[in-house]
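To keep things clear, I will list the structure first and then write my remarks on it.
All of the numbers you see were taken from the coordinates with simple rules; none came from a lab. Remember, it's a predicted structure, so these values are computed and weren't measured experimentally. Note: ideal-geometry Cβ built from the backbone for every residue, glycine included; neighbour counts use all protein chains shown.
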Protein chains: 2
Amino acid sequence: MQFNALVNGHVLVMDGPERVGGENNGPIPKPFVLTALTGCTGMDIIKSLRNAGKQVSDFTLRVEGEISKHPPIEYTEVHLVYELNGDKNLQEDVLDAVKDSQEKICGVSNMLKKILPLTWEVVYNGEQIFSNKNTETSLLKPALSNPVGSSAY
Amino acid sequence: MQFNALVNGHVLVMDGPERVGGENNGPIPKPFVLTALTGCTGMDIIKSLRNAGKQVSDFTLRVEGEISKHPPIEYTEVHLVYELNGDKNLQEDVLDAVKDSQEKICGVSNMLKKILPLTWEVVYNGEQIFSNKNTETSLLKPALSNPVGSSAY
């Protein structure tokens, strides 16, 4: 079941788990959509801060996607958690960078927003400083499950 | 600029090229969307053939995505090429498997079809046996550029 994908000169391995006849030599394909999302918006944040001559001490992105119950199995809602630590004075710069990515720059976010509710929150030095999860998904189930990936800077 | 993504217990590296401050230690993030597409539909084909007790001798998927000219940079059209070789008697099974994936099973295809023209063609033993590119994109530019990935079985 293994597929070797050649992307920008780099090889990525995808495979299925044993229960569907794969050998688990790589991730299953669908979460690569969410991986693209984390990388796209994550690099936006780093670039924005770098351009301003600023830097956080660490940055972790977590993403959770809800999938449909029947084929074709697709994502039906996605939630992003930006977790950053750094100097207290950078809090506003970080929040601005995240908002710019989500509202103007990140193409993967923009694609997904056309087909599903994409919500996000920002946790800075352990404290949640922004979330649009409740406001944008008030008609949806409050709890997301199926965590499928995370990116650490 | 490097991000290490943990997906299903596997680590994927994403990075930017040198010209944007990265070190090219992995692919850029956006093409992971197309990688997901190739893996999703590719595994559908293999599973369908396996379930019928059949197997092709080799299988390569190529995918080309056109991107927007202004931020947010996103895919605006995508074309898939399924290239398979095998016994001549399998041609119809292969075509049926591809159609089932595209029309019923592949969740990534279904997501993308909601936001852009997704076309596909099938080449079996070097001969094109199906294409919906001209019929579905007659109003679009005939030539796609920016090949970003391929998967080989």
Review point. What is the order of B:H10, B:H70, fewest Cβ neighbours within 10 Å to most?
Key: B:H70, B:H10
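Check each of the GluC sites (Glu not before Pro) in region A:1-91 and keep only those in coil by DSSP with at most 14 other C-beta atoms within 10 angstrom; list them in order.
Details: sites: A:E18, A:E23, A:E64, A:E66, A:E74, A:E77, A:E83; in loops: A:E23, A:E74.
Answer by residue number: A:E23.
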Review point. How far is helix A:91-100 tilted, in degrees, relative to the longest principal axis of the Cα atoms in chain A, given as a value from 0 to 90 rounded to the nearest 10?
Key: 50
Review point. Projected onto the charge dipole of the protein assembly as shown (+1 at Lys/Arg Cβ, -1 at Asp/Glu Cβ, origin at the Cα centre), which of B:Y82, B:W120, B:T38 gives the Cα projection farthest towards the positive end?
Key: B:W120
Study note, to complete from the structure: Within region A:38-112, pairs of Lys residues whose Cα atoms are less than 17 angstrom apart, provided they are eight or more positions apart or on distinct chains, add up to 4
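Fewest first, what order do B:R50, A:R19 take by the number of other Cβ atoms within 10 Å? Don't skip to the answer; put the middle values down first.
Numbers: B:R50 14, A:R19 7.
Going from least to most buried by this count: A:R19, B:R50.
Percent antiparallel among DSSP beta bridges with both residues in chain B, to the nearest 5?
75
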Review point. Which chain B residue comes nearest the axis with its C-beta when you rotate B onto A, and by how many angstrom?
Key: B:F32, 2
Check your understanding: Once the Cα atoms of helix A:32-51 and of chain A are each reduced to a long axis, what angle between those two axes, in degrees from 0 to 90 to the nearest 10, is obtained?
Key -> 20
Review point. Where the label is 7 Å out from Cα toward Cβ, how close does A:I129 come to the same position in every other copy, in nm, shortest first?
Key: 5.8
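Apply the a/c threshold of 1.5 to the C-alpha gyration tensor of the protein assembly as shown and tell me whether it is rounded, prolate or oblate. Please list the in-between numbers first.
Numbers: a/c = 1.93, a/b = 1.81, b/c = 1.07.
Judged from the Cα gyration tensor, the protein assembly as shown comes out prolate (a/c at least 1.5, a/b above b/c).
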Review point. Amide H neighbours of A:I129 under 5 Å, counting only residues 5+ apart in sequence or on other chains, H built in-plane at 1.01 Å?
Key: A:V122, A:V123, A:Y124
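I need B:S48, B:S57 ordered by Cβ neighbour count within 10 Å, fewest first.
Details: B:S48 18, B:S57 11.
Ordered by Cβ neighbours within 10 Å, fewest first: B:S57, B:S48.
Evaluate peptide A:126-133: per residue, the Cβ atoms of other protein chains within 10 Å of its Cβ; return the mean as an integer. Intermediate results must be reported in sequence, preceding the final value.
Working: counts 0, 0, 0, 0, 0, 0, 0, 0.
Going residue by residue through A:126-133 and averaging, the value is 0.
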Exercise for review: Tell me the distances, shortest first, between B:D58 and the same position across the other copies, using label points 7 Å along Cα→Cβ, in nm to one decimal.
Suggested key: 4.5
Exercise for review: Only Cα pairs under 8 Å and at least 6 apart count here; give the relative contact order of chain A as a rounded whole percent.
Suggested key: 24
